Amino acid sequence: MRLALVGYGRMGRTIAALAAARGHEIALAVDEAENPAGRALAPERLRGIEAALEFTTPASAPTNLVRLAEAGVPTVCGTTGWDGELARVVGVIRERHAALVHATNFSVGVHLFLRTARELARRFA
């Protein structure tokens, strides 16, 4: 699979290593410095990209997600703190018939903890 990494910090580098180990191609890696206002996510640079992984900052994630949706690139977003823009971004995603998976935390341990807490609350209710 040809992937784009939007955000090439610690998580981006970890994803790059895991993707390569699984036979995927990192066709584009964009760091924050080269991507003010999503400019690095131009359609010509995204041509042939099968999916994008977005791990940036709350200030830049909504713009990045809109640009990726406009280019028709299915995206997984792990950036937190941009919930105030979620409705607008989802509107663009729907309008463009694009795809987005986002989560506030990708840690398996956190999700197991939250599932356990919900189950305990249900049982003690």
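Quick notes
This table checks each residue for (1) in a loop (DSSP other than H, G, I, E, B); (2) touching a residue at least 60 places away in the same chain (Cβ under 8 Å); (3) surrounded by 19 or more Cβ atoms within 10 Å (Cβ to Cβ).
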| position | (1), (2), (3) |
| --- | --- |
| 12 | no, no, yes |
| 44 | no, no, no |
| 68 | no, yes, yes |
| 84 | no, no, no |
| 89 | no, no, yes |
| 94 | no, no, no |
| 97 | yes, no, no |
| 101 | no, no, no |
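- As for the range 78-85, it holds no residue that is at pLDDT 95 or above and closer than 16 Å to residue 8 by Cβ.
- Residues of the range 14-42 classified as in contact (Cβ under 8 Å) with a residue 40 or more places away in the chain and open to solvent by 90 Å² or more (accessible area, probe 1.4 Å), total: 0
- Scanning the range 87-122 for residues that are of a type in the set (Val, Ile, Thr) and closer than 19 Å to residue 66 by Cβ returns 89, 90, 92, 93, 101.
The values are calculated or read from the model by the stated rules, or taken from the named source; none is laboratory data. Small disclaimer: the values here were computed from a predicted structure and weren't measured. Cβ coordinates were reconstructed from backbone atoms using ideal geometry, including for glycine residues, and neighbour counts include every protein chain displayed. Note: accessible area is taken over every heavy atom of the protein model, side chains too, but ligands, DNA and RNA are not part of it. Shrake-Rupley method; radii C 1.70, N 1.55, O 1.52, S 1.80 Å.
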